[in-house]
Amino acid sequence: MDLQTLITLTTGITLLTCVLAVAGLHSYAQGKAQRAALVDRLSQTGQIPVGRRRRFRNLDRRLRRTQLGKKLELRLAATGLDITPGEFFVYMLATVVGLWMIGQAALAPFFGPLAGLLGIWVAVQFLNWQRQKRIEKFINQLPELSRILANATQAGLALRTAIGMAAEELEAPAGEELGKVSAQLAVGASLDDALGELADRLPSRELVVLVTTLVLSNRAGGQVVGALRNLTETLEERKETRREVRTQLSQVSMTSYAVPVLGVGSLFLMNGVKDGALDRMTGSPFGQAAVIIAFSLYAVGFILIRRLSRIDV
């Protein structure tokens, strides 16, 4: 191979490499732009939360593929918390480990696993509490939501437009949830599916009645304004009734939480009066069985008090 041929071949390879490099950079930039557009669209529909930089991305990606991760994702979406399933799972594990070490060091080694189980229960109850609090706020906003929809439809606006207007005027959580519904409608979802997902995220009798009224009126083409006017008055009355019932049962609710707290406090008191008493008590199978039975009875008492004091309005 002569020198001229070698130079030509080297020049050709160099030009081909440059062309491939330019094509690769163009494909990378195009893919990055498409990914940003996809993330922006999914963020508007509520499927991807926006805001701060996310932690534990690899764990979160793997967790979302499992059945537990999917259920946890739905539960977190209902609470409105700005946290991913991976982050919540890591924080829950850290809480379990911390309570395990505290129970083992402050009481006795036998109480370490029990404290760890308590950490899992606390995490689940925290999600339930956040979800219920968000549902209560949404229920309190339903009369105003129904009034806005009635005024908008009476002015001649379509129901989809009325939902978007309500999403802009109402505060969170109603504004956020209706924003998700409006975004889903904008990308082609049907009104039945979008409102059905809203009812699944925030289950309540009031919301089910509102969703059913909107869906049936949209299908049958009935008079939406009159139905929404009547529904607004009904929701206002139910709102006042729920407030009165919650006030009357506040003392019973505090009692349900005071029962297990007194049980745990008695353990610390026992160990403080006589150092090492819990170690000796849990050193035998009979003592361990007695502790497990006692905790089980406290749990049963907590559940019974909560169930007996629950009044569905």
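The values are calculated or read from the model by the stated rules, or taken from the named source; none is laboratory data. As the structure is a prediction and not an experimental result, all values here were calculated from the model. Backbone-built Cβ (ideal geometry, glycine too); neighbour counts: all protein chains shown. Each accessible area value is taken on the protein alone, full model and side chains, heavy atoms only, with ligands, DNA and RNA left out. Shrake-Rupley method; radii C 1.70, N 1.55, O 1.52, S 1.80 Å.
Just a few scattered comments:
- Kyte-Doolittle mean at least -0.5 and Cα axial length at least 27 Å: DSSP H helices in the chain: 3-44, 85-106, 111-154, 250-273, 285-308
- Accessible surface computed residue by residue for the stretch 205-282, with neighbouring protein chains in place and a 1.4 Å probe, gives 64 Å² per residue.
- Assigned charges on the beta-carbon of Lys, Arg, Asp, Glu; the chain dipole about Cα centre (debye): 560
- Å² per residue, accessible surface of the stretch 80-194 at 1.4 Å: 47
- Sorting the Cα pairs of the stretch 144-271 by distance into bins of 5 Å, from 0 upward, gives 2, 9, 16, 19, 16, 8, 6, 6, 6, 5, 3, 2, 1, 0, 0 percent per bin.
- One chain, two ends: ILE303 and SER250. Fully extended at 0.36 nm per residue, the span grows by 17.5 nm beyond their Cα-Cα distance.
- Size of electric dipole in the stretch 156-201: Cβ of Lys, Arg +1 and of Asp, Glu -1, about Cα centre, debye, nearest 20: 140
- Convex hull volume per residue for the stretch 97-138, taking Cα atoms only, in Å³: 55
- Share of Cα-Cα pairs in the chain lying beyond 32 Å, as whole percent: 52
- Expressed as a whole percent, the accessible area of the chain that falls on carbon and sulfur atoms is 63 (1.4 Å probe).
- Per residue convex hull volume, Cα atoms of the stretch 99-166, in Å³: 88
- Charge-dipole axis of the chain as Lys and Arg at +1 and Asp and Glu at -1 on Cβ define it, positive-most pick from ILE163, GLY301, ALA199: GLY301
- When the Cα positions of ALA183, ALA150, SER217 are compared along the charge dipole of the stretch 124-238, SER217 comes out farthest toward the positive end, with charges on each C-beta of Lys, Arg, Asp and Glu.
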